[in-house]
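Chemist: Can you keep this structure in mind? I'll have questions shortly.
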Amino acid sequence: MAKGIGTLVIFGAGGDLAKRLLLPGLGQLVDSGRNDPFTLIGVGQDALSTSSWRSRVKKSFESSGATGAKATALAAETDYIRADVTDPSALESILGKCDGTPAFYFALPPRVTIAACAALAKVDLPDGTVFGLEKPFGTNLASAASLNRQLVKIIPENRIHRVDHFLGKSTVLNLLGLRFANRIFEPVWNSSNIERVDIVFDEQLGLEGRAGYYDHAGALVDMIQSHLLLVMALVAMEPPSSIGADDLRGAMAQVLRATRVWGGRAAQASKRARYTAGTINGRKLPSYVREPGVDAKNGTETLAHVVFEVDNWRWAGVPFTLRSGKALSDARKEIVITFKDVPHLPSGFTGSPGPAALRISLSPDDISLDLNINGQGDPFTIDRVVLNTEFGAGELEPYGEVLSGLLSNDPTLSVRADEIEECWRIVEPVLAAWKKDSVKLESYPAGSSGPASWGRR
Ligand code: BG6
């Protein structure tokens, strides 16, 4: 592994995240040969024999097609340690089993991560130790800020990788090339030419057995506070002079600092809803509140919609609408840049298909430019044409991409402390308005496109 890191230790190794996302991404990364060899240790609360752990790792690797010699060898040699990661002496003994410099990956709920960091502060860590921390990072602005303060007492900021796998999605990264490697977009990328920006991540998936986490997070924290605000930052940021960690993250942080809820009025700028029983693609879903582990008293939303503004010269007056929800009819996952109408359409033209728009789809990974032209049939009628192309798939799944950064200690795709705190600061007025019930919790049948009153998306 690059630059002296010899062992990746996954805390929370027995959990769903490790199984479904982390290990499959890791297997792909290992087989790609992008990083130098390292050893892998899984740490969890459950009793698990070495052979069952190895077969779990192998299965997870296989699920992403990571069946090459390198991934197979790593799965055959990995060890599992049953330990309480909030106990400093257990951490010391884990450290004793690491080869070379360790990277600790916290695939843990926020409260356990906080306790584990407190324990790690009491342990003598080797120089160069790297931390990877999963979202949600903290549970609000105060706890995120406090965790950040705690972390930099243990290791320097540039070795703390706050992971957001959306920053490893190839299409999200393609935004950089699209915006900054073409002359045609940047001159119109501003409030003089853009009417609105919508960033939508609607999923057909329901709760999928994740009540323990999701019922305390909800759609706003699960998707908007983290992933979608970072995507928005890439859409709205000023051109950085390089895509190195400092320039890129500095540009993202700058735009996040300028972001607030539309008009500063959280209750008017946000909507929330929760799914009731319904059917999606023939699959029946119970009402959210009847899902195992859900406490209706938590009032958790499964669909969140918030309008933000970016208070700077470039974006003044342009609404950025971020929306995400579960159990919806369509898996609509896209960034839509809607342009303003032309200042004057020569009289004599008929037809008005609406303003031009650029759509960047996160699934499937493609891009479309909706343009108005005349010519087909009646040459004086304006019609819509769509120029579309697929983005080539990235070499690695998003987790493989962010793990590559972590293991080579390149923090470009990690979220910096100030970015995380800004994301919490931006959503806190909405969380407060919802807590006070200033915004009604609406409902929608699973398999619909959301509450009928929200109208067309
Ligand atoms: C996760 C959220 O971070 O991202 C999930 O916790 C969501 O609720 C997921 O489904 C979406 O990401 P992806 O990459 O699976 O589309």
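Chemist: Since D215 meets every condition but one in (1) open to solvent by 10 Å² or more (accessible area, probe 1.4 Å); (2) within 16 Å of the ligand (Cβ to nearest atom), which condition does it not meet?
Modeler: Result: D215 passes all but (1).
Chemist: Could I ask something else about it? Quick one: would you say S368 is away from the ligand (no atom under 16 Å from the Cβ), of a type in the set (S, T, Y) and exposed (fewer than 15 other Cβ atoms within 10 Å of the Cβ)?
Modeler: So S368 fails the test.
Chemist: If the requirement is being within 20 Å of the chain's Cα centre (by Cα), under 18 Å from T259 (Cα atoms) and either within 15 Å of the ligand (Cβ to nearest atom) or surrounded by fewer than 19 Cβ atoms within 10 Å (Cβ to Cβ) (or both), which of these qualifies: Q225, Q204?
Modeler: So the residue among Q225, Q204 that is within 20 Å of the chain's Cα centre (by Cα), under 18 Å from T259 (Cα atoms) and either within 15 Å of the ligand (Cβ to nearest atom) or surrounded by fewer than 19 Cβ atoms within 10 Å (Cβ to Cβ) (or both) is Q225.
Chemist: Here is a follow-up. When you go through G218, G177, G212 one by one, which is the residue that is out of contact with any helix residue (DSSP H, G or I) (no Cβ under 7 Å at 6 or more places or on another chain) and at pLDDT 95 or above?
Modeler: Answer to the selection: G218.
Chemist: Assess whether I184 counts as being among the hydrophobic types (A, V, I, L, M, F, W, C), without any contact (Cβ under 8 Å) to a residue 12 or more places away in the chain and surrounded by fewer than 23 Cβ atoms within 10 Å (Cβ to Cβ).
Modeler: Taking the combined requirement at face value, the residue satisfies it.
Chemist: Can you say whether I373 is exposed (fewer than 15 other Cβ atoms within 10 Å of the Cβ), part of a strand (DSSP E or B) and in contact with a Lys or Arg (Cβ under 9 Å, 6 or more places away or on another chain), as far as the supplied structure shows?
Modeler: yes
Chemist: Could you give me the residue pairs with C-beta distances under 7 Å whose first residue belongs to region 16-39 and is within 19 Å of S408 (Cβ to Cβ) and away from the ligand (no atom under 15 Å from the Cβ), whose second residue is of a type in the set (D, E) and open to solvent by 10 Å² or more (accessible area, probe 1.4 Å) wherever it lies, and which are 6+ apart or on separate chains?
Modeler: Correct list of pairs: S32/E395; T39/E77; T39/D99.
Chemist: Confirm whether T389 is modelled with pLDDT of 90 or more, out of contact with any Ser or Thr (no Cβ under 7 Å at 6 or more places or on another chain), open to solvent by 70 Å² or more (accessible area, probe 1.4 Å) and part of a strand (DSSP E or B).
Modeler: Taking the combined requirement at face value, the residue satisfies it.
Chemist: Run D378 past the list (1) open to solvent by 60 Å² or more (accessible area, probe 1.4 Å); (2) part of a strand (DSSP E or B) and report the number of the one that doesn't hold.
Modeler: Among (1) open to solvent by 60 Å² or more (accessible area, probe 1.4 Å); (2) part of a strand (DSSP E or B), the lone unmet condition for D378 is (2).
Chemist: Checking the structure you have, find out if any residue of region 436-453 is open to solvent by 20 Å² or more (accessible area, probe 1.4 Å), more than 16 Å from the ligand (Cβ to nearest atom) and under 19 Å from the mean Cα position of the chain (by Cα).
Modeler: Scanning region 436-453 turns up no residue that is open to solvent by 20 Å² or more (accessible area, probe 1.4 Å), more than 16 Å from the ligand (Cβ to nearest atom) and under 19 Å from the mean Cα position of the chain (by Cα).
Chemist: Just to check your reading of the model, which residue among L48, L17 is open to solvent by 30 Å² or more (accessible area, probe 1.4 Å), part of a loop (DSSP other than H, G, I, E, B) and closer than 27 Å to Y213 by Cβ?
Modeler: Residue meeting the stated conditions: L48.
Chemist: Could you identify the single residue in A273, A277, A267 that is under 14 Å from E428 (Cβ atoms) and in contact with a helix residue (DSSP H, G or I) (Cβ under 9 Å, 6 or more places away or on another chain)?
Modeler: Residue meeting the stated conditions: A267.
Chemist: How many residues does region 271-298 contain that are under 23 Å from the mean Cα position of the chain (by Cα) and open to solvent by less than 20 Å² (accessible area, probe 1.4 Å)?
Modeler: Looking only at that region, the number is 4.
So that you can scan it fast, the table gives a plain yes or no per residue for (1) within 15 Å of the ligand (Cβ to nearest atom); (2) at pLDDT below 95; (3) of a type outside the set (S, T, N, Q):
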{"residue": "D99", "(1), (2), (3)": "no, yes, yes"}
{"residue": "P109", "(1), (2), (3)": "yes, yes, yes"}
{"residue": "L120", "(1), (2), (3)": "no, no, yes"}
{"residue": "D127", "(1), (2), (3)": "no, yes, yes"}
{"residue": "F131", "(1), (2), (3)": "no, no, yes"}
{"residue": "P136", "(1), (2), (3)": "yes, yes, yes"}
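Chemist: Can you name the number of the only condition in (1) assigned to a helix (DSSP H, G or I); (2) out of contact with any helix residue (DSSP H, G or I) (no Cβ under 9 Å at 6 or more places or on another chain) that S404 fails?
Modeler: Answer for S404: the failing condition is (2).
Chemist: Quickly run through region 409-435 and pick out the residues that are small (G, A, S) and buried (at least 18 other Cβ atoms within 10 Å of the Cβ).
Modeler: Of everything in region 409-435, those that are small (G, A, S) and buried (at least 18 other Cβ atoms within 10 Å of the Cβ) turn out to be S414, A417, A433.
Chemist: For region 151-174, enumerate the residues that are open to solvent by less than 40 Å² (accessible area, probe 1.4 Å) and more than 16 Å from the ligand (Cβ to nearest atom).
Modeler: Selection gives L151, I154, I155, I160.
The values are calculated or read from the model by the stated rules, or taken from the named source; none is laboratory data. Since we're looking at a predicted model, the values are computed, not measured. Backbone-built Cβ (ideal geometry, glycine too); neighbour counts: all protein chains shown. What goes into the accessible areas is simple: the full protein's heavy atoms, side chains included, and nothing from ligands, DNA or RNA. Shrake-Rupley method; radii C 1.70, N 1.55, O 1.52, S 1.80 Å.
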